[in-house]
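The values are calculated or read from the model by the stated rules, or taken from the named source; none is laboratory data. Just so it is clear, the model here is predicted, and its values are computed rather than measured. So basically every Cβ, Gly included, is an ideal-geometry build from the backbone, and we count neighbours across all protein chains shown.
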Amino acid sequence: MGLNPSIVIPSYGLPMEGEELKQQLENLVNRVDSIAKPKSGRHLH
């Protein structure tokens, strides 16, 4: 992974750090198509 933040403080939601942050970012990277991309509508590929 190119970026390796030690803490994330979002504008909404709870801050995340440590092993939980690492695991959640890896999950997002590995599943971005099914998690973050809409199933229909207009979006960039």
Take the conditions of a type outside the set (Gly, Ala, Ser) and assigned to a loop (DSSP other than H, G, I, E, B) and apply them to Lys37. Does it pass?
yes
Using the structure shown, decide if Leu28 is surrounded by fewer than 10 Cβ atoms within 10 Å (Cβ to Cβ), among the hydrophobic types (A, V, I, L, M, F, W, C), without any contact (Cβ under 8 Å) to a residue 12 or more places away in the chain and out of contact with any Asp or Glu (no Cβ under 8 Å at 6 or more places or on another chain).
no
Scan of the stretch 16-42 for residues that are of a type outside the set (Gly, Ala, Ser) and modelled with pLDDT under 85, ordered by number:
Asp33, Ile35, Lys37, Pro38, Lys39, Arg42
Name every residue in the chain that is in contact with a strand residue (DSSP E or B) (Cβ under 8 Å, 6 or more places away or on another chain) and either at positive phi or charged (D, E, K, R) (or both), in order of residue number.
Glu17
Determine the pairs where a residue that is within 18 Å of Asn30 (Cβ to Cβ) and at pLDDT below 90, located within the stretch 1-15, has a partner that is among the charged types (D, E, K, R) and surrounded by 10 or more Cβ atoms within 10 Å (Cβ to Cβ) with Cβ atoms under 6 Å apart, the partner being 6 or more residues away or on another chain.
none
